[in-house]
Structure formats: structure tokens, C-alpha cells
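Step one of this worksheet: look at the structure below.
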Amino acid sequence: MQTSSKNDIGQRCVHCGEDTSFGSGRFVNRIPADSYCEALDKDGNVIFEEGEYRDGYACAECMMFECDRCDEMIAMDEDVTPYDCGDDESEFTDGAYRVHYDCLTEIEKLHFEEING
């Protein structure tokens, strides 16, 4: 069982520590989140220790995924998976799982549009 201490971080992102309060530029797209994993800043410095429980918000930047086809970041809620194209498989035929809409093949786009309008 993992023990953790709770740390009140106010309205900072539980992953990167950036401010998500009103007026910060991150307020509108923040989502409720929690974490107890170690978090590092872009220079590799520890922001939050392993086991340090944080309950609050995650900023949209921390919720992005890397596209499996072009390696660019996909904005929150903009990723497309095989399920979104009506495929019950766990990955596309090339092994990709999360991709940008623009990275879909023509056939995948047709299936996506049929399902999602």
C-alpha cells in the first residue's frame, strides 16, 4: 500500500505546477484531477515528490497526447482512436492508437465521418 501526504497546491496544475486560476490563461480548459506521482519541470527539477498527493486541476497542456503517426502533440479531446472509426481493434493497421484527424488515412476518415457525422 502506498502512503502519501496531502499537499494543498491551491489552483496549480497537479502535473506541472502552473497556475490554473482565473486570469492565468489556463482556467477555461482546466479539468479536475489528482496525482501522487513525481512531477518534473521542463529542466528535470522535481516539482512534486513521489507519494505527495495533490487534488485539484490539470491544465490542458498536461492532458495532451503525442500522435502515434506524426509525433506532434494532440490537444485534449482532439485525439482519434480506432474505436472512433468504428473499429473494435486496439490499434490501427499500422500499430498506431492515438492520432490527429489529419493523420487518418482516407479510408479511416470515411469511417470516422460515417460514425461521427
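Residue count for the stretch 45-74 satisfying the condition of being without any contact (Cβ under 8 Å) to a residue 24 or more places away in the chain and not in a loop (DSSP other than H, G, I, E, B): 2. Taken together, Tyr101, Tyr36, Tyr53 contain a single residue that is aromatic (Phe, Trp, Tyr) and at pLDDT 95 or above, which is Tyr101. Thr93 satisfies every condition listed in (1) within 19 Å of the chain's Cα centre (by Cα); (2) over 26 Å from Cys37 (Cβ atoms); (3) β-branched (Val, Ile, Thr) except (1). Condition check for Ala96 on (1) in the same structural domain as Cys13 (by TED's automatic domain parsing); (2) touching a Lys or Arg at 6+ places or on another chain (Cβ under 9 Å); (3) at pLDDT 90 or above: one failure, at (1). Scanning the stretch 20-40 for residues being of a type in the set (D, E, K, R) and surrounded by 16 or more Cβ atoms within 10 Å (Cβ to Cβ) gives a total of 2. Got at least one residue in the stretch 70-83 being buried (at least 16 other Cβ atoms within 10 Å of the Cβ), assigned by TED's automatic domain parsing to the domain that holds Asp19, under 24 Å from Gly25 (Cα atoms) and not charged (D, E, K, R)? No, that holds for no residue. Taking the stated definitions as given, is Asp77 part of a loop (DSSP other than H, G, I, E, B), charged (D, E, K, R) and modelled with pLDDT of 95 or more? No, not satisfied.
The values are calculated or read from the model by the stated rules, or taken from the named source; none is laboratory data. Worth saying up front: this structure is predicted, and the values here are computed from it rather than measured. Don't worry about glycine lacking a Cβ; one is built from the backbone with ideal geometry, like all the others, and counts go over all protein chains shown.
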